[in-house]
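Comments concern the structure below.
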Amino acid sequence: TDARVNLVTPALFTRFPDAAALANGTQGEVEDLIRSTGFFRNKGKNLLAMAQALVERHRGQVPDTMEELRALPGVGRKTANVILGNAFGRNDGITVDTHVGRITRLLRLTTATDPEKVEQDLMALFPQSSWTLLSHLLISHGRAVCIARRPQCAACPIAADCPSAA
């Protein structure tokens, strides 16, 4: 979960403050720091490989294009959209996580379950200038109000417009 990631990143970033430091880390050391996130072996492998690629291909700097980001180990379209939107202020796409997919299906903005198809459907409905903010709003709504196992429809500010409201 995001909460778990937020718990482990301070120690990870303290130990590895930049790509060069992480690129010189060991698999075991990284795994120990991220163990509680689950799938720590694969994540550790990808983190090390990503840091090495940043150092070798980008002089230790995070690239600012979808193509270059997606070429990094462990970086998919969702992560690339987060980086582009939040670090570089670029609305190149819409971040589709489980909350965004679930909420947009409940709102009947899409019927798709594949994140890239959901993204394409949403990009056709909303102005590009709003894509990063849209992701944040949908994620926040999914965490605070339209909670998967216990939606708070009675307290939902958009319940009147939601075809799925109870």
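The values are calculated or read from the model by the stated rules, or taken from the named source; none is laboratory data. Fair warning: this is a prediction, and the values are worked out from it, not measured in the lab. In this analysis, Cβ positions are derived from the backbone assuming ideal geometry, glycine residues included, and neighbour counts consider all displayed protein chains. Areas reflect the complete protein model, heavy atoms only, side chains present, ligands, DNA and RNA absent. Shrake-Rupley method; radii C 1.70, N 1.55, O 1.52, S 1.80 Å.
Observations on the model:
Yes or no, residue by residue, for (1) modelled with pLDDT of 95 or more; (2) of a type in the set (Val, Ile, Thr); (3) under 28 Å from residue 45 (Cβ atoms):
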site	(1), (2), (3)
69	yes, no, yes
85	yes, no, yes
88	yes, no, yes
104	yes, yes, no
108	yes, no, no
111	yes, yes, no
125	yes, no, no
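- Filter result for residue 14 (out of contact with any His (no Cβ under 8 Å at 6 or more places or on another chain), at pLDDT 95 or above, within 28 Å of residue 143 (Cβ to Cβ) and not acidic (Asp, Glu)): yes
- Hey, residue 101 free of Cβ contacts under 8 Å to residues at least 24 places away in the same chain and closer than 24 Å to residue 1 by Cα or not: yes
- In the stretch 86-97, the qualifying residues are those that are of a type in the set (A, V, I, L, M, F, W, C) and open to solvent by 40 Å² or more (accessible area, probe 1.4 Å), and the one that is farthest from the chain's Cα centre (by Cα) is 88.
- Selection count where residues are in contact with a Pro (Cβ under 7 Å, 6 or more places away or on another chain) and either of a type in the set (A, V, I, L, M) or over 24 Å from residue 70 (Cβ atoms) (or both), scope the stretch 1-58: 3
- Scanning the stretch 39-69 for residues that are touching a residue at least 24 places away in the same chain (Cβ under 8 Å), among the small types (Gly, Ala, Ser) and within 20 Å of residue 6 (Cα to Cα) yields a total of 1.
- Considering residues of the stretch 107-166 that are in a loop (DSSP other than H, G, I, E, B) and under 18 Å from residue 1 (Cα atoms) only, the residue most open to solvent (accessible area, probe 1.4 Å): 149
- Only a single criterion out of (1) farther than 30 Å from residue 134 by Cβ; (2) aliphatic (A, V, I, L, M); (3) under 19 Å from the mean Cα position of the chain (by Cα) is not satisfied by residue 100, namely (1).
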